[in-house]
Amino acid sequence: MARQAKKKRGASRMGGVVREFFAGAALVFRGFATWRRRPGLMLFGMLPAVIAAAIIATVLILMGLNAEQWAVGLTGFAEGWDAGWRDTVRTAVAVLLVVGVIIAAVYGFTTLTLLIGDPFYERVWRRTEGDLGGFAPTPVKFWRSIGDGIVLVLRAIAYGLLTFLAGLIPVVGAVTGPVTGVLLGGHLIQRELTTRPLEARGIDGSARGTLMRGSRARTLGFGVATQLFYLVPGGAILVMPAAVVGATLLTRTAIDRAELVAEQTRPSITD
């Protein structure tokens, strides 16, 4: 009987995690609903992604046209080899270059969009806060934004390397690479888009981490759902303003949950 009760608790806990995950994903679609109410604001919020996409597309075209030449340059040591082995090595290097460029393009687009979009997205989330009511955001300091931008670039580079290495795992790399990319890319997006609404409330650093850990499954669902839109042609551009709105909603739900937990665990005062 004790074992059955334990299984039920485990199943209930897992069900709660799944529900939270999909609740986080639903926040992205709630963000899309803002298109009906404020189409001008959402079009404005698309501009950073459009600019970033144009830059990344130009870089990809240039690198694609020169991939073979780069492979030859990187395999100069194989010049005197047998033609079969030399071509095999150069083909492998070219494939690795293409994979690396694709991974770099995904993280590069996300990073560039977030860096360019900070002032654009600030307008979107502030307007969202105003529509929801109950909070008046404070300005975010300029130099803090610069510091956050540097950290964002370093984190994106680290995530890109991890995704690349995950894709090199024998046999399962074709699965672990994309899955790692979606998870890490989603984490990068949700972390950055929730930073400003939290900082406006005076929540940053360790306090931010503690707060968001209480809604881990929901933040994961939100990030993964946003990242999956990258797989749809044009989806990465369309989803960004909706994700900003969703991140604002995510911030509020995380704070509300933390306050509820604090209220429930607060010792009651009895006479």
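Taking the Cα centre of the chain as origin, work out the dipole magnitude from +1 charges on Lys and Arg Cβ and -1 charges on Asp and Glu Cβ, in debye rounded to 20.
Details: 29 positive and 17 negative charges, 267 e Å.
Computed charge dipole of the chain: roughly 1280 debye.
What's the angle, to the nearest 10 degrees (0 to 90), between helix 83-132's Cα axis and the longest principal axis of the chain?
Tilt of helix 83-132: around 30 degrees.
Relative contact order for region 21-251: what percent, with Cα pairs under 8 Å and sequence separation of 6 or more?
39
Computed from these coordinates, which is Rg and Dmax of the Cα atoms in Å: (1) 18.6, 59; (2) 22.4, 91; (3) 17.3, 48?
Here the calculated entry is (2).
Loop-only check: which trypsin sites (Lys or Arg not before Pro) in region 108-217 are DSSP coil with at most 12 other Cβ within 10 angstrom?
Answer in residue order: K141.
Using a basic spin-label model with each label point 7 Å from the Cα along Cα→Cβ, how many nm lie between L228 and F29?
1.0
Which of the listed residues, T163, A242, A258, is farthest toward the dipole's positive end in the chain, when Lys, Arg count +1 and Asp, Glu count -1 at the beta-carbon?
Of the options given, the answer is A258.
What ranking do 58-65, 39-46 get when scored by the average of other Cβ atoms within 10 Å per residue, highest first?
For the peptides 58-65, 39-46, the packing ranking is 39-46, 58-65.
Quick one: angle between helix 216-228 and the longest Cα principal axis of the chain, in degrees between 0 and 90, rounded to 10, please.
40
FYI, it's all coordinate maths here, none of it is from the lab. All of these numbers come straight from a predicted model, not from anything done at the bench. Don't worry about glycine lacking a Cβ; one is built from the backbone with ideal geometry, like all the others, and counts go over all protein chains shown.
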